[in-house]
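Read the structure below first, then the notes.
The values are calculated or read from the model by the stated rules, or taken from the named source; none is laboratory data. Computed from a prediction, not measured in an experiment: that's the story for all the values here. When we count neighbours, we look across all protein chains shown, and the Cβ atoms used for this are built from the backbone with ideal geometry, even at glycine. Note: accessible area is taken over every heavy atom of the protein model, side chains too, but ligands, DNA and RNA are not part of it. Shrake-Rupley method; radii C 1.70, N 1.55, O 1.52, S 1.80 Å.
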Amino acid sequence: MSLARAFVTPWVVLAVMRGDRAQALALCCAAGFTDFLDGFLARRFGWTSRVGAWTDAVADKVLLSTLYVAFGIAAWAPWWLVALVLGRDLLILAMAAIGLLFTPIRDFPPSIWGKVSTNVQIATALVVLLGPGTAGEAAISTFFGLCATMTAVSGFHYVVAAVQRFRRLPPSAD
């Protein structure tokens, strides 16, 4: 079902680019349902794997990151917020790459702050898709601030956690 979320991403972007908030919202809700169903089935029947967890996370990030870029292009969200959301994700990817390339670390579990940040990013995206006519400009601005704060907090937390993890590694025998 992760592939379904990745597949729907271009259609969401097209809906945003056409200014069709209702269609973009419907597609995002459908993608969210596949994410819920995927997780439910994995837990219910023990259909879990490292690859499945990885593809699920990648599909979620592809959809969410691409959605924020589309928001920036459509002028539905400020570019500073788009840069913050993307920058945090790129920072996490860079730290994971460093871990994979130069350390024996192979697991990169999400933190509570990362989960909170992702949920706030999703809520913010839903408010943006509802639009100022439904959600109101004040609500959208409030969500932008909350999203920026939680994204920055989680990014900072991931950096601190990575540095602590790297420091705990035994010295190399080079």
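A simple packing score, the average count of other Cβ atoms within 10 Å per residue, orders the peptides 149-157, 110-118, 64-72, 90-98 as 64-72, 149-157, 110-118, 90-98, with the highest score first. Of the residues PHE33, PRO110, ALA135, the one whose Cα sits farthest towards the positive end of the charge dipole of the chain is PRO110 (charges of +1 on Lys and Arg Cβ, -1 on Asp and Glu Cβ, taken about the Cα centre).
For region 15-65, the carbon plus sulfur part of the accessible surface works out to 69%, probe radius 1.4 Å. When the chain is treated as a GNM with alpha-carbon contacts under 10 Å, the residue of ALA57, ALA148, ALA31 showing the greatest mean-square fluctuation is ALA57. Applying the criteria of a DSSP loop state and at most 14 other Cβ atoms within 10 Å to the trypsin sites (Lys or Arg not before Pro) of region 1-102 yields ARG18.
Determine the per residue accessible area of region 99-166 with all protein chains present and a 1.4 angstrom probe, expressed in square angstrom.
53 Å²
Compute, for the chain, the length of the dipole vector about the Cα centre, with Cβ point charges of +1 (Lys, Arg) and -1 (Asp, Glu) only. Units Debye, rounded to 20. Roughly 340 debye for the chain. Per residue, region 1-93 exposes 57 Å² of solvent-accessible protein surface, assessed with a 1.4 angstrom probe and all protein chains in place.
For the chain, the residue among GLY87, THR55, PHE45 whose Cα projects farthest onto the positive side of the dipole built from Cβ charges is PHE45. Which of rounded, prolate or oblate describes region 15-108 when judged by the alpha-carbon gyration tensor and an a/c cut-off of 1.5? In terms of gyration-tensor shape, oblate.
When the helices in the chain are scored as -39500 (n - 2.57) per DSSP H run of 4 or longer and the sum is shared across all residues, what 222 nm value do you end up with, to the nearest 500 deg cm²/dmol? Please list the in-between numbers first.
Values: 6 runs with 139 residues, N = 174.
Calculated mean residue ellipticity at 222 nm is -28000 deg cm²/dmol.
Using a simple spin-label model with pseudo-atoms 7 Å out from Cα toward Cβ, VAL153 and PHE166 lie 2.5 nm apart. Computed from Cα atoms alone, the Kirkwood hydrodynamic radius reported for region 88-174 is 14.7 Å.
Residue-wise HN-Hα couplings along region 8-23, as the Karplus relation 6.51 cos²θ - 1.76 cosθ + 1.60 with θ = phi - 60° gives them from phi, are 6, 3, x, 6, 5, 4, 4, 5, 5, 5, 7, x, 8, 4, 5, 5 Hz; Gly and Pro carry x.
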